[in-house]
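What follows is a set of notes on a single structure, which appears directly below.
The values are calculated or read from the model by the stated rules, or taken from the named source; none is laboratory data. Please read these numbers as outputs of a predicted model, since none were measured by experiment. Note that each Cβ is placed from the backbone with ideal geometry, even for glycine, and that neighbours are counted across all protein chains shown.
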Amino acid sequence: MLRHRDLHILSSSSTEPMTERGPGRVVVCRVGEERFAVSVTSVREILAAPELTRIPGVSTAVRGLANVRGTLVTAMSGRGLLGLPGPDSGDWLLVLSARDGRVGVVMDEVEDLHEEAGATALPVLDIEALVLPLLASEQDRA
């Protein structure tokens, strides 16, 4: 397992969707003690969690806004999405392809990219299905 402090993040990171997309490929992640897989087709990019600016009056599932190369990305709590207790201490931001890549989920660890067959013991979460209803309810409140 890699922690972002152990990796050199390239300054040339692109804002384009991940190029290794393909059926059956998954990103294996961890939030708390929960390990799961996310389909690569849902992921735009993965980056070391940037500083977040808290937004007053939003649900606790919204951690704040992240500035990702000049684009504001709404950062959601991985723990909140999974219903796990405790504060987020995530080191990674998984930016989804939903909403033009302006939605991210805070993860404790991003382990690796796998063929789905190699990660069959892990649940494959539909992160977009968890995130989008929360964002719709936030817009309804605004």
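Worth a mention:
- Subset of segment 96-129 that is among the hydrophobic types (A, V, I, L, M, F, W, C), over 23 Å from residue 51 (Cα atoms) and not in a loop (DSSP other than H, G, I, E, B) - its residue that is modelled with the highest pLDDT: 113
- Just so you know, in segment 80-95 the residues that are touching a Leu at 6+ places or on another chain (Cβ under 9 Å) and at pLDDT below 90 include one that is surrounded by the most Cβ atoms within 10 Å (Cβ to Cβ), and it is 80.
- Selected residue [free of Cβ contacts under 8 Å to residues at least 60 places away in the same chain, of a type in the set (Lys, Arg), out of contact with any Cys (no Cβ under 8 Å at 6 or more places or on another chain) and over 13 Å from residue 45 (Cβ atoms)] from 69, 63: 63
- Qualifying residues in segment 72-90 (those that are over 11 Å from residue 31 (Cβ atoms) and part of a loop (DSSP other than H, G, I, E, B)) - the one nearest to the chain's Cα centre (by Cα): 87
- Across segment 41-79, the qualifying residues are those that are modelled with pLDDT of 90 or more and in contact with a Phe, Trp or Tyr (Cβ under 8 Å, 6 or more places away or on another chain), and the one among them that is surrounded by the most Cβ atoms within 10 Å (Cβ to Cβ) is 46.
- Any hit, segment 15-30, residues being more than 24 Å from residue 121 (Cα to Cα), surrounded by 18 or more Cβ atoms within 10 Å (Cβ to Cβ) and modelled with pLDDT of 90 or more: no
- Scan of segment 31-60 for residues that are over 19 Å from residue 123 (Cβ atoms) and acidic (Asp, Glu), ordered by number: 45, 51
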